[in-house]
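Below is one structure, written out as structure tokens; the observations come after it.
The values are calculated or read from the model by the stated rules, or taken from the named source; none is laboratory data. These figures come from a predicted structure and were not determined experimentally. Using ideal geometry, Cβ is built from the backbone for each residue, glycine included, and neighbour counts are taken over all protein chains shown. Only protein heavy atoms, including side chains, enter the accessible area calculation; ligands, DNA and RNA are left aside. Shrake-Rupley method; radii C 1.70, N 1.55, O 1.52, S 1.80 Å.
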Amino acid sequence: MNFQKEIEKWYEIHKRDLPWRHTRDAYVIWLSEIILQQTRVEQGLPYFKRFLEAYPSVKDFAAADEQQVLKLWQGLGYYSRGRNMLFTAREVEKYHEGCFPVQYEELIKLKGIGEYTAAAISSFSSGEARAVLDGNVFRVLSRYFGIDTPINSSEGKKEFTALAQELLKGQNAMVYNQAIMEFGALQCKPKSPDCIVCPLQESCYALRHKRVNDLPVKLKKLVKRNRYFNYFILKQGEKILVNKRGEGDIWQHLYDFPLLETLSEHELFNQDLDQQIRNAYGKDVLIRSLMATKHVLTHQIIYVQFFALDNYIINFNSGADIKWVSRAELDELPQPKVIAGFINAKLTK
DNA sequence: AACGCGGGGTA
DNA sequence: TACCCAGCGTT
């Protein structure tokens, strides 16, 4: 039996029962695929269900507003996915009469849909013969065929794309694409895969050459940047001051609080910063520490401190990005995880 | 081609 | 701690 048939056979036995595997509706598949970008199935599943319930059709999605979409997306990360989905839903309403495209060449034009997602949606909804190439497929092919070209180089991308497309020939794209990804996720796992029970153990290059832990090859490590966020909680009666985050940084269009970013953790106790606070909020402002925490992202580590400011004078222009909201309104705003955590822990309902 | 973008699971 | 996850958009 060849590679593809072994994979499909394994899949029929071990596949998980996932809701998006029971439909060929391109809209529903699109929803699942965007949510699952860089996201584990177990993490994305509850979000998929909530989104499908909130927006049963692309028409419903197109009618949503950004704040509502981001609130539903809260906690899932990579928030541009949610914003791009809204944009694309509206495009589909406008230019495809609400009928979600199923062809690769149409899908690839849409915002938030790249080569992987276009291949996934087209093959799962219409059976188009486009090979999916995601982290799972890279790993399986790299190990089984012993390819050590870095998967994140342009050469590697070309090489693996060609191989994946070649392997798809003569297969049922709808089944085979699902199968090889599921095989990568459950059997050919990144760490300590169970090669002892793998149906491909005899023909797998990496296993025969003891290279399972070396493949796939990936170029360079990510350098994490340290950042220090000092948030200020300002209250006026029932109202609290919030800030809508702008372009060019993390958490675009989500809400946090007035922020002073510093270059080191203890800078807050430096005179300069103390002076900055007093300049911004008034000379006699009282600063009370409320909470300190470390928030780890893929590309940065953020040391976050929250302070209550008492006796402050509002001394800054309240631009469109800053506003006073009630506690009930606050709960409706989309927030980064660390902000939601603080509100939950330290602000009374 | 390189970089920025979240949050969580695993060993 | 280090790596990875049904990647994509921007520069």
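Restricting to region A:20-37, name every residue that is open to solvent by 50 Å² or more (accessible area, probe 1.4 Å) and within 14 Å of DNA strand C (Cβ to nearest atom). Don't jump to the end; show me each part of the working.
If we filter region A:20-37 for residues that are open to solvent by 50 Å² or more (accessible area, probe 1.4 Å), which is where we start, we get A:21-22, A:24-25.
Matches in region A:20-37: A:Arg21, A:His22, A:Arg24.
In a residue-by-residue description of region A:109-128, the property of being of a type in the set (Val, Ile, Thr), surrounded by 14 or more Cβ atoms within 10 Å (Cβ to Cβ) and in a helix (DSSP H, G or I) applies to at least one position.
Restricting attention to region A:38-70, the residues that are touching a residue at least 40 places away in the same chain (Cβ under 8 Å) and surrounded by fewer than 18 Cβ atoms within 10 Å (Cβ to Cβ) add up to 5.
Please verify whether A:Tyr95 is open to solvent by less than 30 Å² (accessible area, probe 1.4 Å), modelled with pLDDT of 95 or more, assigned by TED's automatic domain parsing to the domain that holds A:Ser122 and of a type outside the set (A, V, I, L, M), treating the condition exactly as stated. So A:Tyr95 fails the test. Within region A:111-132, the residues that satisfy the criterion of being under 17 Å from A:Leu36 (Cα atoms) and more than 15 Å from DNA strand B (Cβ to nearest atom) are A:Ala118, A:Ala119, A:Ala120, A:Ile121, A:Ser122, A:Ser123, A:Phe124, A:Ser125, A:Val132.
In region A:86-127, the qualifying residues are those that are in contact with a helix residue (DSSP H, G or I) (Cβ under 7 Å, 6 or more places away or on another chain) and hydroxyl-bearing (Ser, Thr, Tyr), and the one that is nearest to DNA strand C (Cβ to nearest atom) is A:Thr117. Scan region A:64-119 for residues that are hydrophobic (A, V, I, L, M, F, W, C) and under 25 Å from A:Met174 (Cβ atoms) and jot them down. If the condition is that a residue be hydrophobic (A, V, I, L, M, F, W, C) and under 25 Å from A:Met174 (Cβ atoms), then A:Met85, A:Ala89, A:Val92, A:Cys99, A:Phe100, A:Val102, A:Leu107, A:Ile108, A:Leu110, A:Ile113, A:Ala118, A:Ala119 are the ones that fit.
For region A:129-155, the set of residues classified as buried (at least 16 other Cβ atoms within 10 Å of the Cβ) and hydroxyl-bearing (Ser, Thr, Tyr) consists of A:Ser142, A:Tyr144, listed by residue number.
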